[in-house]
1. Indicate the gyration tensor shape class of region 311-371 (rounded, prolate or oblate), computed on the Cα atoms with a ≥ b ≥ c the square roots of the eigenvalues: a/c under 1.5 is rounded; otherwise a/b larger than b/c is prolate and the rest oblate.
2. Could you list the GluC sites (Glu not before Pro) in region 129-226 that lie in coil according to DSSP, counting only those with at most 11 other Cβ atoms within 10 Å of their Cβ?
3. How high is the relative contact order of region 74-168, in percent, with contacts defined as C-alpha pairs under 8 Å that are six or more residues apart?
4. Let's test the formula: R0 of 60 Å, r as the Cβ-Cβ distance of LYS445 and GLU401. What FRET efficiency results, to the nearest 0.05?
5. What does the charge count near CYS279 come to, summing +1 for each Lys or Arg and -1 for each Asp or Glu among other residues with Cβ under 10 Å from its Cβ?
6. Measure off 7 Å from each Cα along the Cα-to-Cβ vector at ASP356 and VAL315, then give the distance between these two points in nanometres to one decimal.
7. Work out, step by step, the length gained on full extension between ALA88 and MET335: first 0.36 nm times the residue separation, then minus their alpha carbon distance; give nm to one decimal.
8. For region 189-329, what does the accessible surface come to per residue with a 1.4 Å probe? Please give it in Å².
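The values are calculated or read from the model by the stated rules, or taken from the named source; none is laboratory data. Since the model is a prediction, treat every value here as computed from it, not as a measurement. Methodologically, a virtual Cβ is constructed for each residue, glycine included, from the backbone with ideal geometry; neighbour enumeration extends over all protein chains shown. Areas reflect the complete protein model, heavy atoms only, side chains present, ligands, DNA and RNA absent. Shrake-Rupley method; radii C 1.70, N 1.55, O 1.52, S 1.80 Å.
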Amino acid sequence: MGRKKNKKKKSDEEDDSGTVLPDDFTIAGSDDGTVGGWDMWDAGNMNGGTILEDGEDDEEEMTRMERNLEKLKECLASVEDSIGSEKAGRKREAAYRQLFKCLTHYALGPSGSEVLSVYLPSLTPIFLTSLRASAGEQYAACRVLEAASVVIGGGNDEQHEAIEPGLKRLVLGTGYQPQVRAASLRALAASAFICSTDFSTTVVLLDLCEAAAGERYRGEESPVPLRSAAIDSWSVLASTIEDTAIAGDEGRGAGFLPLLQKALDSNSPELRSSAGECCALIHESRLELGVQDEEATTTAKRFRRGSWDGTEFEVLIDEVKQRMAELAAESGHHMSKKAKKHQRATFREFMSTLVDDEPPSVSLTFRGGTLELSTWKEVVQLGAVRSCCQGGFMLQMSFNEYLHEIFGADISVLNSEDGMSSLEKRIFMSKSSNAAKTRDREMEKDRKKRTNVKNYFLDADGEDR
């Protein structure tokens with residue numbers, strides 16, 4: 001008789017999937033352009049952020065919206081069979097991919113939010129059950145819960161309370177894969193940021209983010225994806241509290257700076273970028289505090305901006321600025337040309353705030369206008385929504401009323417039909433337009449000029465002068 005192998009009993013924190021998720025694992029990729037067999041064109045014009053096509057009147061727009069709602073209902077009604085009763089893990093994961101696209105592309109406006117609110121109480125237990133399945137399914141369930149928070153909007157504390165224990169278990173469990181733990185923390189932060197109205201919830205999650213962002217967490221080395229997600233989540237949650245609580249001498253952000261300084265020295269570009277953005281957010285809040293000196297005049301307190309000068313954080317801030325300056329000009333062969341270009345541009349933006357006290361400038365272009373954002377709080381919040389919704393980002397920004405409230409957008413103006421028609425776009429914006437041909441000729445002249453300059457030091461025989 002063969003010897004029986006002793007099987008180690010797996011703890012509740014261990015992942016039994018046997019698969020290691022790649023660093024770039026996602027469920028938001030568009031594979032065949034369909035959601036559950038539905039043509040994605042019904043989701044609307046992705047570039048323009050509106051579902052109203054050129055020449056379409058209001059009645060045709062409503063018909064299109066009604067079709068989207070019917071498809072949303074059909075997708076949500078099938079979750080019980082496609083996920084709840086399905087035995088094959090791969091099929092459940094595929095169903096989550098379809099559901100994620102459905103939520104971000106079809107659950108639009110108040111009607112979409114109402115439909116999801118009807119189905120969500122019965123679907124949430126199914127999603128929470130998936131948090132104990134394979135790593136891929138755990139990650140997919142976290143992303144769906146995150147997207148659902150954006151769609152249903154604010155004032156839904158019961159939804160956050162329902163999903164918080166399951167998601168927090170994944171964050172705390174050291175046996176789960178880093179991508180899963182990061183996704184669960186981002187889902188928790190999105191739910192607290194959008195759904196919850198309880199300030200104590202924000203405080204508890206800020207504590208969790210500060211702990212998870214450290215180099216070691218729960219007795220082990222904290223993985224980079226979790227640290228990056230913790231810093232990003234901290235920034236989103238901190239954007240909802242007062243500047244004094246962030247950047248005052250006793251504020252959370254001031255105490256968070258030493259950890260961010262260490263993160264800037266990391267080898268991970270993603271972690272460095274998260275830390276840099278968080279530093280910019282904290283510095284912006286410090287500027288908004290104004291003068292803290294009690295002996296300063298009333299005029300100085302009113303009109304002068306806040307500063308770190310004379311505080312215990314002055315040296316630390318100077319070191320952070322120096323490190324950011326290095327990252328803004330970093331070179332070498334350890335990074336790709338594209339990655340270096342992105343890092344330089346990103347850290348130059350952070351530097352403009354920390355060194356020159358300049359606000360950021362981010363714009364979103366819609367059919368009828370542009371939405372301008374000029375604070376790091378807004379930029380951080382926008383980044384969280386973009387990361388959550390992926391390909392459905394512009395659609396949610398166009399029709400989600402709660403997002404309109406957050407960013408102070410008048411979407412009736414931004415989505416107006418005063419823009420160019422499809423014929424005008426072909427005339428003025430296509431590659432065969434006169435403007436494009438003029439740009440091509442100018443670029444060709446510039447290329448020839450650069451080539452002539454390079455060859456100037458050669459004589460007719462090809463030898464050095």
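1. Working: a/c = 4.34, a/b = 1.26, b/c = 3.45.
Cα axes put region 311-371 in the oblate bin.
2. Working: sites: GLU137, GLU146, GLU158, GLU161, GLU210, GLU215, GLU220, GLU221; in loops: GLU215.
In loop regions of region 129-226 (DSSP not H, G, I, E or B), the sparsely surrounded GluC sites (Glu not before Pro) are GLU215.
3. Details: 76 pairs, mean separation 30.3, N = 95.
Once divided by the residue count of region 74-168, the mean separation gives 32 percent.
4. Details: r = 50 Å, r/R0 = 0.83.
Working from the Cβ atoms, E equals 0.75.
5. Values: positive: LYS321, ARG323; negative: GLU277, GLU284.
Once all neighbours under 10 Å are counted, the net charge is 0.
6. Going from the ASP356 label point to the VAL315 one covers 3.0 nm.
7. Details: separation 247, 0.36 × 247 = 88.92 nm, distance 4.02 nm.
Roughly 84.9 nm would be gained on extension.
8. On the way: 6390 Å² over 141 residues.
For region 189-329, the solvent-accessible area averages 45 Å² per residue.
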